[in-house]
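The values are calculated or read from the model by the stated rules, or taken from the named source; none is laboratory data. Keep in mind that this is a model prediction, so the values were computed, not measured. Ideal geometry is used to build each Cβ from the backbone, glycine not excepted, and the neighbour counts take in all protein chains shown. The area values use the complete protein model at the heavy-atom level, side chains included, leaving out ligands, DNA and RNA. Shrake-Rupley method; radii C 1.70, N 1.55, O 1.52, S 1.80 Å.
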Amino acid sequence: RYHRHESFFYVTFDDRQEQMNTLAYRAGLRPYDRVIEHNGVNIEKLSSTEFQRRWETGRKETTQLLVCSPATYLHYKQLNQSITRKFLTVMLITPSLDL
């Protein structure tokens, strides 16, 4: 999802009961995590439409996301720092096998 007023992408699950059974949840995504990168490309400056186009184009590829918690996101934004993979408080979500 995209927060229009504050311009960031974040994670939601359609059904709280079923979220624990999703591949995304098993890979480590949590509700309201902020999405920083999609397949190695920073998406923070993309519009919702641009990201949707990017997401649809890459649907047949393996998806990799760089995410962080809302508190981590706010912390680095208040410091005017770009969030990157080098920070210990961000998580690179790689594909999880459906076992």
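Are there any pairs with C-beta distances below 7 angstrom linking a residue in the stretch 63-79 that is under 19 Å from Gly28 (Cβ atoms) and hydrophobic (A, V, I, L, M, F, W, C) to a residue that is open to solvent by 50 Å² or more (accessible area, probe 1.4 Å) and not in a helix (DSSP H, G or I), with the two at least 6 apart or on different chains, and if so which?
Listed by first residue and then by second, the contacts come to Leu66/Arg85; Leu66/Leu92; Val67/Met91; Cys68/Thr89; Cys68/Met91.
Say we look at the stretch 1-22 and pick out the residues that are under 14 Å from the mean Cα position of the chain (by Cα) and not in a loop (DSSP other than H, G, I, E, B); which of these is surrounded by the fewest Cβ atoms within 10 Å (Cβ to Cβ)? Even if it seems obvious, please write down each step before you answer.
If we filter the stretch 1-22 for residues that are under 14 Å from the mean Cα position of the chain (by Cα), which is where we start, we get 1-3, 7-13.
Narrowing further to those that are not in a loop (DSSP other than H, G, I, E, B): 2-3, 8-10.
On the way: Tyr2: 16, His3: 12, Phe8: 17, Phe9: 20, Tyr10: 16.
If we take residues in the stretch 1-22 being under 14 Å from the mean Cα position of the chain (by Cα) and not in a loop (DSSP other than H, G, I, E, B), then His3 is surrounded by the fewest Cβ atoms within 10 Å (Cβ to Cβ).
So Gly58 fits all but one of (1) open to solvent by 40 Å² or more (accessible area, probe 1.4 Å); (2) at pLDDT below 80; what number is the exception?
Tallying (1) open to solvent by 40 Å² or more (accessible area, probe 1.4 Å); (2) at pLDDT below 80, Gly58 fails exactly one: (1).
Among the residues in the stretch 85-98, are any part of a helix (DSSP H, G or I), surrounded by fewer than 16 Cβ atoms within 10 Å (Cβ to Cβ) and of a type in the set (A, V, I, L, M, F, W, C)?
Quick first cut of the stretch 85-98, residues part of a helix (DSSP H, G or I) only: none.
No, the stretch 85-98 has no match at all.
Suppose we filter Leu46, Leu79 for residues that are of a type in the set (A, V, I, L, M, F, W, C) and either touching a Ser or Thr at 6+ places or on another chain (Cβ under 9 Å) or open to solvent by 80 Å² or more (accessible area, probe 1.4 Å) (or both); which single one remains? Before the answer, list the steps.
Working: Leu46 fails: either touching a Ser or Thr at 6+ places or on another chain (Cβ under 9 Å) or open to solvent by 80 Å² or more (accessible area, probe 1.4 Å) (or both).
None of the other options fit; the residue is Leu79.
Name the residue that is farthest from Asn21 (Cα to Cα), counting only residues in the stretch 31-43 that are in a loop (DSSP other than H, G, I, E, B) and open to solvent by 40 Å² or more (accessible area, probe 1.4 Å).
Taking the stretch 31-43 and keeping what is in a loop (DSSP other than H, G, I, E, B), we get 31-33, 39-40, 43.
In the following step, the residues that additionally are open to solvent by 40 Å² or more (accessible area, probe 1.4 Å) were identified as 31-32, 39-40.
On the way: Pro31: 14, Tyr32: 17, Asn39: 23, Gly40: 26 Å.
Only one residue tops the list, namely Gly40.
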